[in-house]
Amino acid sequence: MKEVRVIELFAGVGGFRVGLEKADKDFFKTVWANQWEPATKVQHAAMVYEKNFGQGSVSNVDINSVPVEDIPDHDMLVGGFPCQDYSVASTLSRSKGIEGKKGILWWAIYNILVKKGAKAPSLLLLENVDRLLLSPAKQRGRDFAIILECLNEQGYIVEWRVINAADYGMPQKRRRTYICAYKKGTPVADGFTTPNDWIQNSGIFAKAFPIECDRDLTSLDAHILSDARKDRLVDITENFNRKGGDSPFKKAGLMIDGVAYSTDANPVFKGAPIYLRDCLVRGENRPADIESFYIPDDQMERWRYFKGSKREERTRPDGFKYFYTEGAMDFPDSIDKPARTIITSEGGKSPDRCRHAIEDETGRIRRLTPVELEHINMFPSNWTECKGVDNGKRAFLMGNALVCGIVTKIGEELEKRLKAE
Ligand SMILES: C[S@@+](CC[C@H](N)C(=O)[O-])C[C@H]1O[C@@H](n2cnc3c(N)ncnc32)[C@H](O)[C@@H]1O
């Protein structure tokens, strides 16, 4: 294969494209991208995408309104479908899984595969929060089972892995589920060996992100997604894990011919890690408005309170009294570790438990600048600098994005296989 034609869905500021182009710009060619933010009139992410990849490089409309005939034929479909329903900001019990408002965008992906028919992409690379494997709370694993069954029905072998970028030397503790799917009868799928071997040794994830499994090679569980002859998706929706209990989908797994294999796994990494310290900008490289990132003396106490341990009585609106407890966090954050997960509210100025606060070379404590957040996601410097996109929005866009280095490693592994044929 000389090149891979890629489409990037839910493109945000282009994290998949950045990652794949870093793997090989001449090999991975993005032929179409779509990004539309339903919550705002101004389309900040699309503006940043166009600034970096050129005018007209992104279709900025609701993906559900795009006729599949208007999407160019492609070899690979990539995307981080929106994760608000599963994100750490909302609790598992409140999450509505893929029945939720945003989550149903999975069907936009499925629709493309179905309507493209024989021209459907041979490769998929998807990203979601780690809780995708567990949701919804009352039928753990059901949503992921639906995704697997959709891909099974469309003729794909699927492997997934929960990857924490920091476990592989990258500068952020960001744990996400990555899903790769290979259409049967196409190059990567043709190299398939056995489920055990693929998951632990020879698969794309096994090569890009080596693991040691807790359990013996032969002891992986096989879960038949559904026995129903007729509508398997309806059957899964109604019956999957109905009795409750843990999700059968663990950190590493594979689905072939409707049977899923899964196991817990420990990361194996021997390289040199990148820490928060390595992402900081110093001296003249700091932005002109650097002073606005320092925490004013009169707010220091409040920051300490938010970051500190607490056990305090609180009252719910219905009058119910309870004790709220939480442990202490580093304040300031250690820069000799990977950053914590960047979330969309990272950018605001007010004291906040989740926002990073670091002591810089001046000895003063400050929040992270937009460029530092870009570095933590392994984007090039100033990626989100764009007219009409303020510092808070830049942080928001990084909170929604991904660690591009993960995609680069997957891209490099895919390229090796595709070029070897
Ligand atoms: C988790 S973010 C993906 C971020 C991306 N991977 C990046 O590197 O920036 C999901 C994106 O889907 C977009 N989105 C939500 N609903 C959409 C829709 N109906 N059509 C197209 N894009 C949508 C959101 O605006 C958001 O940018």
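No value in this document is a laboratory result; all are computed from the given coordinates. Keep in mind that what you see is a predicted model, and the values were worked out from it rather than measured. As a convention, Cβ positions derive from the backbone with ideal geometry for all residues, glycine included, and neighbour counts pool all protein chains shown.
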Given the conditions (1) in contact (Cβ under 8 Å) with a residue 40 or more places away in the chain; (2) near the ligand (Cβ under 8 Å from one of its atoms), every one holds for Ala39 apart from (1)
- prompt: Can you spot a residue in the range 291-313 that is in contact with a strand residue (DSSP E or B) (Cβ under 9 Å, 6 or more places away or on another chain), outside any loop (DSSP other than H, G, I, E, B), loosely packed, with under 10 Cβ neighbours inside 10 Å and among the basic types (Lys, Arg)?
  reply: yes
Here the qualifying pairs (Cβ atoms under 9 Å; residues six or more apart or on different chains; first in the range 300-313 and aliphatic (A, V, I, L, M); second surrounded by 13 or more Cβ atoms within 10 Å (Cβ to Cβ)) come out as Met300/Pro351; Met300/Ile365
Going by the structure shown, is Thr369 more than 13 Å from the ligand (Cβ to nearest atom), in contact (Cβ under 8 Å) with a residue 60 or more places away in the chain and either touching a Pro at 6+ places or on another chain (Cβ under 7 Å) or hydrophobic (A, V, I, L, M, F, W, C) (or both)? yes
Filter result for Ile63 (near the ligand (Cβ under 8 Å from one of its atoms) and either surrounded by 19 or more Cβ atoms within 10 Å (Cβ to Cβ) or free of Cβ contacts under 8 Å to residues at least 12 places away in the same chain (or both)):
yes
Glu346 passes all but one of the listed conditions (1) under 29 Å from Gly169 (Cα atoms); (2) over 26 Å from the mean Cα position of the chain (by Cα); (3) not in a loop (DSSP other than H, G, I, E, B); the exception is number (2)
Within the range 49-60, of all residues that are among the small types (Gly, Ala, Ser) and away from the ligand (no atom under 13 Å from the Cβ), the one surrounded by the most Cβ atoms within 10 Å (Cβ to Cβ) is Ser57
Expected output for the range 114-129 (first residue closer than 30 Å to Ile343 by Cβ, partner of a type in the set (Lys, Arg) and in a strand (DSSP E or B), Cβ below 6 Å, 6+ apart or cross-chain) is Glu127/Arg176
